[in-house]
1. Evaluate the Debye formula for the chain with equal point scatterers sitting on the alpha carbons, no solvent, and hand back log10 of I(q)/I(0) at q = 0.05, 0.09, 0.11 Å⁻¹, in q order, two decimals.
2. Once segment 312-364 is represented by equal point scatterers at the alpha-carbon sites, with solvent omitted, what log10 I(q)/I(0) does the Debye formula produce at q = 0.22, 0.25, 0.28, 0.29 Å⁻¹?
3. Return the calculated 222 nm mean residue ellipticity for the chain, to the nearest 500 deg cm²/dmol, obtained by summing -39500 (n - 2.57) across DSSP H runs with n ≥ 4 and dividing by the residue count.
4. Looking at segment 278-321 from every direction and averaging, what is the projected area of its Cα convex hull in nm²?
5. Give me the accessible area of ASP63, 1.4 Å probe, in Å² rounded to the nearest 10.
6. Treat segment 384-515 as a sphere of radius equal to its Kirkwood radius over Cα pairs and apply Stokes-Einstein at 10 °C in a medium of 1.306 mPa s; give the translational diffusion coefficient in µm²/s, rounded to a whole number.
7. Please report, in Å, the Rg and the Dmax of segment 1-86, where both are computed over Cα atoms only.
8. How much net charge surrounds GLY157 when only the other residues with a Cβ under 10 Å from the Cβ of GLY157 are counted, with Lys and Arg +1 and Asp and Glu -1?
Amino acid sequence: MGIKEKSIDLKKRMKNALSGGGEKAIEKQKAIGKLTARERIIALLDPKSFYEYDLFVEHAGKDFDMDKKYLPGDGVITGTGTLSGHPICIYAQDFTVAGGSLGWMHAKKITKIMDHALKLKVPLIGINDSGGARIQEGVNSLAGYGEIFFRNTLASGVIPQISVILGPCAGGAVYSPALTDFVFTVEKITKMFITGPEVIKTVLGEEISMEALGGAKVHCETTGVAHFYAESEEECFNQIKQLVSFIPWNNINKAEKFPKKSPKTKRYKMEEAMPADPKQPYDVRNVIKAIVDDSDFLEIQELFAKNIVIGFSRINGETIGIVANQPLYLAGVLDVDSSNKAARFIRYCDAFNIPLFTLVDLPGYLPGVDQEHAGVIRHGAKVLYAYSEATVPKITLITRKAYGGGYIAMCSHHLRADFVFAWPTAEIAVMGPEGAANIIFRKEITTAKDPEEMRKQKVKEYKEKFANPYVAAAYGYIDAVIEPNETRKIIMHALDISKEKKVQTPMKKHGIPPF
Ligand code: HXC
């Protein structure tokens with residue numbers, strides 16, 4: 001064969017390999033609102049930037065007549081491309097080929113692209129759409145998963161790892177996404193569980209649909225496994241693009257710098273963001289938007305543990321990670337879920353050199369038997385650990401309440417915040433005035449002629465003494481009490497002056513966080 005004939009032969013082979021699981025399987029995929037694996041990659045990446053590898057890889061199954069079967073690309077597409085101009089490595093499981101099930105060669109394609117991503121220090125995106133371990137390949141499929149999990153762990157904190165769940169992700173397969181940094185889901189398409197409805201019915205006699213067991217809403221609202229919820233694949237891809245615009249491409253480089261923009265002050269007014277009545281809830285996101293560039297705030301895990309808000313913004317064109325108590329929900333308390341949510345995000349920001357900006361307004365950790373028995377002690381400790389461990393610039397703003405353990409945990413000076421600012425509305429105390437007065441003035445209140453009047457008077461006395469920022473400021477625990485309208489200016493300055501921050505920590509292999 002001459003070069004011309006060989007080129008024709010190559011095209012024929014490529015056509016065959018690119019056909020996926022065939023028209024019928026592709027039609028089935030489309031009928032439920034799913035794109036094919038290749039279409040997904042093309043839709044997500046910059047136009048014409050995708051290069052595919054290992055197209056001709058064949059599966060290694062021998063049993064159950066598998067040796068007679070041809071599985072194009074062994075059910076997974078791998079390659080490199082660019083996203084908003086930056087290089088990335090990507091893989092997408094092809095459900096049309098043997099249900100995207102993971103056999104040994106399928107896994108080898110994935111681990112090869114993972115190795116590339118780690119070596120080249122570029123982000124890794126994995127699009128999951130698979131029936132799990134390929135049953136016919138037995139232990140080799142399990143070995144494949146093990147190799148993936150090991151690499152997920154190795155790459156953790158070195159390169160961003162993004163998982164997109166666009167179909168079933170069943171059995172042990174769920175643990176690769178669970179080891180990555182951000183998990184994206186789509187309504188009616190994501191189905192993620194360890195044991196499916198049929199096993200649950202057989203073993204426990206309980207009936208549940210796949211959606212109710214492991215759909216997008218469940219993982220975004222209830223389990224906290226996922227970070228982003230979308231109603232279509234297109235919306236999901238836009239969310240991914242937005243996220244990657246904020247994060248650094250590895251743990252050495254900084255995130256892309258954008259032109260500095262003022263907040264949209266006509267819409268988000270600082271003086272209106274917090275109500276005058278200290279008991280009235282407010283949406284902390286309006287305070288954030290009144291401070292950050294272009295009022296642009298990308299919220300992460302928006303639907304889970306709503307009493308804490310986490311996400312990315314920019315100040316002076318540079319990415320910051322924001323952690324804020326949300327007085328709209330449960331008065332912004334720290335509990336099991338919100339502690340987990342905050343702690344993981346703090347560690348992400350620290351690993352990728354993203355400065356932390358913390359907004360404080362909370363009455364403390366949530367009391368109650370449920371919380372105690374759910375382990376609020378060990379989960380709550382994660383916040384203390386994560387903030388203490390973080391060596392990135394840490395700037396804190398106390399807007400209103402900072403009571404008890406909440407004051408310490410939300411990046412106080414004692415956990416080595418670089419700067420702690422407070423508005424004049426801040427109240428820094430061991431506990432709220434009502435509770436405190438009832439304890440320390442119990443005798444005076446119970447023996448008074450009019451106990452209720454005495455209680456009111458003592459609460460007032462306590463408030464005057466402690467419910468302000470000045471006692472803490474007198475000890476130097478607050479660096480400056482600032483006018484709310486001055487906030488953006490001083491946060492910009494604090495971030496700017498902390499740019500070259502370097503911290504020497506004691507030599508150790510690694511700490512033992514309260515996982
Ligand atoms: C081999 C599989 C497969 C699998 C699906 N297929 N899952 N082949 N191994 N795990 C094949 C089907 O045989 C079928 O092939 C094609 O994929 C499409 O599957 P359907 O069942 O027709 O599709 P659908 O009705 O949409 O149902 C999708 C599904 C279902 C819900 C994912 O296929 C399913 O329940 N699969 C098994 C899920 C599971 O229990 N996985 C866990 C495996 S154990 P044909 O040739 O007919 O088109 C595991 C442990 C890993 O993952 C542990 C790691 C630590």
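The values are calculated or read from the model by the stated rules, or taken from the named source; none is laboratory data. Everything quoted here is computed from the prediction, not taken from an experiment. Glycine gets a Cβ as well: all are built from the backbone with ideal geometry, and neighbour counts include every protein chain shown. To get the accessible areas, we keep the full protein, side chains included, count just its heavy atoms, and leave off ligands, DNA and RNA. Shrake-Rupley method; radii C 1.70, N 1.55, O 1.52, S 1.80 Å.
1. For the requested q values the scattering log ratios are -0.24, -0.71, -0.97.
2. -0.84, -0.97, -1.08, -1.12
3. Values: 20 runs with 198 residues, N = 515.
Computed mean residue ellipticity for the chain: -11000 deg cm²/dmol.
4. On the way: hull surface 14.0 nm².
Reported value for the Cα convex hull: 3.5 nm².
5. 90 Å²
6. Values: Rh = 16.9 Å.
The estimated diffusion coefficient comes to 94 µm²/s.
7. Cα radius of gyration and Dmax of segment 1-86 are 15.4, 45 Å respectively.
8. On the way: positive: ARG347; negative: ASP181, ASP350.
Summing Lys and Arg as +1 and Asp and Glu as -1 gives -1.
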